[in-house]
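Structure first, then comments.
Nothing in this text is a laboratory measurement; each read-out follows from the coordinates by a stated rule. Values in this document were obtained by computation on a predicted structure and should not be read as measured data. Note that we place each Cβ from the backbone using ideal geometry, even for glycine, and neighbour counts take in every protein chain shown.
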Amino acid sequence: MDVMKILNDLRQEREIIEEAIITLERLARGQGKRRGRPPAWMAALRDREKLEAAGEAEPAEAATPAKRGRGAKKTGKASEE
């Protein structure tokens, strides 16, 4: 094998490894709290965990379409257009 080709391959691998190290350092350091509103499923999970911790959890039941936000008739300006 050509020595120059080996050196080029090693330099490319070093760049990839350096990028991975930087990414992992950023993850370890943390970027603070996430901004914005959490997804509905995440907020519901957090609320349920709070209820379970307080001992007020409801029995598990299947979510009906209305509870999932589907199937309900929409009213207001958005439905009139």
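Viscosity 1.567 mPa s, temperature 4 °C: Stokes-Einstein D of segment 1-53 from its Kirkwood Cα radius, in µm² per second? Display every interim value, and only then the final one.
Working: Rh = 15.3 Å.
Here the translational diffusion coefficient equals 85 µm²/s.
Once you charge only the Cβ atoms, +1 for Lys and Arg and -1 for Asp and Glu, what is the size of the charge dipole of segment 1-53 about its Cα centre, to the nearest 20 debye? It would help to have the intermediate numbers written out before the result.
On the way: 12 positive and 10 negative charges, 118 e Å.
In debye, rounded to 20, segment 1-53 gives about 560.
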